[in-house]
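Below: one structure, written as structure tokens.
Derivation of every value follows stated rules applied to the coordinates shown; laboratory data play no part. Quantities reported herein were computed from a predicted structural model and do not represent experimental measurements. Here the Cβ is made from the backbone with ideal geometry for all residues, glycine too, and neighbour counts use every protein chain on show.
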């Protein structure tokens, strides 16, 4: 067994960042907020007692860490698919792991063999679900693996060790009680006084279903503070302030940034893992998120909607919530996306949504989620105060590059000129997007079942739409700039 030989805790690192190297000596370099036990370390919370420090046995995990076992080092990523552990198996057959892609690159000096749209596809492939074996990418120093959701043992190879199975849910009460119990256990874990630092619950709110329903559960578990965005002039009003008052939550409302202007120093953190910065607007709440267990509603659309086909692999088809990772490590908060609790048993959740007991909470149409509606209406939130229309306020920079400030675009363009190859790739991308749009318009007329799709364009371009759309050539340049910028910060810190 390889025990930790060298432990370096550095206050100049992001508090929750860590990097583990398994060579002739075992070296752990970490920030000031990482909790360390007997040959184990973890940042985050989990559904279980903190004092036992057996995060590796938990079925619901909201953070990252590792434990030395008789068989070797066991990597423990979050149970949700919004973040992962990055593992490099180098050319000397040594393992290196980190919860930050940039930190891993800084400590091992690896680089990607090329920065192109194929690399972008690999970095965003989690939208298609957790794979049976980790996504892998060839680098200058060996093979990089992206470990999502399942635990993994590092030996001569990577051996997947699935987390404990999600229990079955037969009724709405079964499911709601499970959500409550997990949130309560994670909150108790996060605020345990034996931690290096205790973390308090914080929730987000909008006028939609998912974050508002998650806020109800967070409130029951001791949360008293919520944050919500007010619109910029001419923007979409998605404020959840009215719902917060009904739930008796102290709400902090701030204007949603129109672009990343004014937050440029944080912008690289949201783009440095290749998932393209959708949550860059959260920089406006950096001071509020600090020191919190943040309960959000990411991907309630996929989990709680009545129409999507059930799956057990956490398919999302969207990168919402995946760009908070590096910002989270720096601002020292944990992430608990409540819809993913129990989501491995999506079939049971869907059966509940479509059951006779839930019909009084179904309003019909394309935006209909009985589970969160029942949670909210049972707490006295009026039916017409939420969930009436879908309001998508994330920063989809691949659709609109004007969402990036002129300063950031200038830095990105410094990565290299837009040569003939760039414009050829851009043309292929735009043609592919146009074909997908045309196919989806036909589907909207001919198909009503969300489980059915024409897949002609997917076959032509070699990727499903949810992956292809995230391969804009400018976003590849943005990733390269952002990752190298964060690498430089880590190199300076170590």
Subject >> Length gained when the stretch residue 173-residue 418 is fully extended (0.36 nm per residue, less Cα-Cα span) >> reply: 82.6 nm
Original post:
How are the C-alpha pair distances of the range 172-385 spread across 10 Å bins, as whole percents from the shortest bin up?
Top reply: 8, 33, 38, 19, 2, 0
Original post:
Taking the highest mean first, how do the peptides 194-206, 168-180, 148-160 order by number of other beta carbon atoms within 10 angstrom per residue?
Top reply: 194-206, 148-160, 168-180
Subject >> Antiparallel DSSP beta bridges within the chain, as percent of all bridges there, nearest 5 >> reply: 70 percent
**OP:** Using every pair of alpha-carbon atoms in the range 173-300, split the distances into 5 Å bins beginning at 0 and state the percent of pairs per bin, rounded to integers.
**Re:** 2, 10, 18, 20, 20, 16, 10, 3, 1, 0
Original post:
the range 139-212 to the range 469-494: how many Å between their Cα centroids?
Top reply: 27 Å
Original post:
Arranged from highest to lowest average of other beta-carbon atoms within 10 Å per residue, in what order do the peptides 264-270, 86-92 appear?
Top reply: 264-270, 86-92
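Based on DSSP H runs of at least 4 residues, each adding -39500 (n - 2.57), what is the mean residue ellipticity at 222 nm of the chain after dividing by all its residues, to the nearest 500 deg cm²/dmol?
Numbers: 16 runs with 155 residues, N = 494.
That comes out to -9000 deg cm²/dmol.
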**OP:** Just subtract the alpha-carbon distance of residue 307 and residue 32 from 0.36 nm times their residue separation and send over the number in nm, one decimal.
**Re:** 94.6 nm
**OP:** Could you give the spread of the C-alpha atoms of the range 401-493 along their three principal axes, from largest to smallest, in whole angstroms?
**Re:** 55, 32, 24
Subject >> Sequence of 358, 475, 75 once ranked by neighbouring C-beta atoms within 10 Å, starting from the fewest >> reply: 358, 475, 75
Original post:
Which of 219, 421 comes first, and how do the rest follow, when ranked by fewest Cβ neighbours within 10 Å?
Top reply: 421, 219
**OP:** Just grab the label-to-label distance for residue 460 and residue 438, each label 7 Å out from Cα along the Cβ direction, in nm (one decimal).
**Re:** 0.5 nm
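Give, in nm to one decimal, the length gained when the segment between residue 261 and residue 8 is fully stretched (0.36 nm per residue of separation minus the Cα-Cα distance).
Answer, rounded to one decimal: 87.5 nm.
I need the Kirkwood Rh of the range 6-161: take the reciprocal of the average 1/r across all distinct C-alpha pairs and report it in angstrom.
It works out to 15.8 Å.
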**OP:** Kindly rank 484-491, 221-228, 209-216, 43-50 from highest to lowest mean number of other beta carbons found within 10 Å of each residue.
**Re:** 209-216, 43-50, 221-228, 484-491
Original post:
Among 278, 71, what is the fewest-to-most ranking by other Cβ atoms within 10 Å?
Top reply: 71, 278
**OP:** Return the Cα extents of the range 124-214 along principal axes one, two and three, sorted largest first, each rounded to a whole Å.
**Re:** 46, 37, 29
